[in-house]
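Written out below as structure tokens is the structure these notes cover.
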Amino acid sequence: MSKTKPETARVDPAATRRRLASFIGAEGYKPDVLARVARLSVELRETVQAGRYWLLSDATGSDVDAAVEAFAESCQRTPRLMVSELPRFARDWDVDAYPAPARARIGKYRLADDLARRRPRQQPQKKPMTTVALLVLAALLLFAAALILLRR
């Protein structure tokens, strides 16, 4: 991940936040990036957005708790709605992989079941077409042999 230019952050924190947020999905779980995006959101006076990013980060403190609470209230404390608003990244459904502060918040707002729904579903294994084709060919050969034997 490239470093954010300090002069850009001073000029346009919203652009810096967008740039950092774009790395979240591509890079996988990075609690420090989540916390940086949350801090930029606080700087922009967007407490709900800060709570959205802080919820899964390892950050702690009264300002973090207040922002996460504001985020929960904005989602009517509905776990499914809260999870739908959280940032996406690889293996975001694995609650055990989160640091303790994030797991505590996941437990407090009962988000584990809804996060688990993000787990990729196992696709049923399809039988290879060659097996089916060989079975059909064998059945045709047996049918042909039976016809030949019946004609005699």
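Okay, here's what the table says:
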| read-out | value |
| --- | --- |
| Among 67, 122, 48 - extreme Cα towards positive end, dipole of the chain, charges at beta-carbon | 122 |
| Cα-centred dipole magnitude for the chain, charges only on beta-carbon of K, R (+1) and D, E (-1), debye, nearest 20 | 940 |
| Positive-pole candidate from 21, 136, 35, dipole of the chain, charges at beta carbon | 136 |
| Top of 18, 88, 110 by mean-square fluctuation, Gaussian network on the chain, Cα under 10 Å | 18 |
| Label-to-label distance, nm, for residues given as residue 152 and residue 117 (7 Å Cα→Cβ offset) | 6.6 |
| Quarter of Cα convex hull surface for region 23-78, i.e. mean projection, nm² | 3.7 |
| Among 75-82, 55-62, 98-105, the order from most to least packed when residues are scored by Cβ within 10 Å on average | 55-62, 98-105, 75-82 |
| Cα gyration tensor of the chain - equivalent ellipsoid semi-axes, whole Å, descending | 55, 19, 12 |
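FYI, it's all coordinate maths here, none of it is from the lab. All values derive from a computational prediction rather than experimental measurement. Methodologically, a virtual Cβ is constructed for each residue, glycine included, from the backbone with ideal geometry; neighbour enumeration extends over all protein chains shown.
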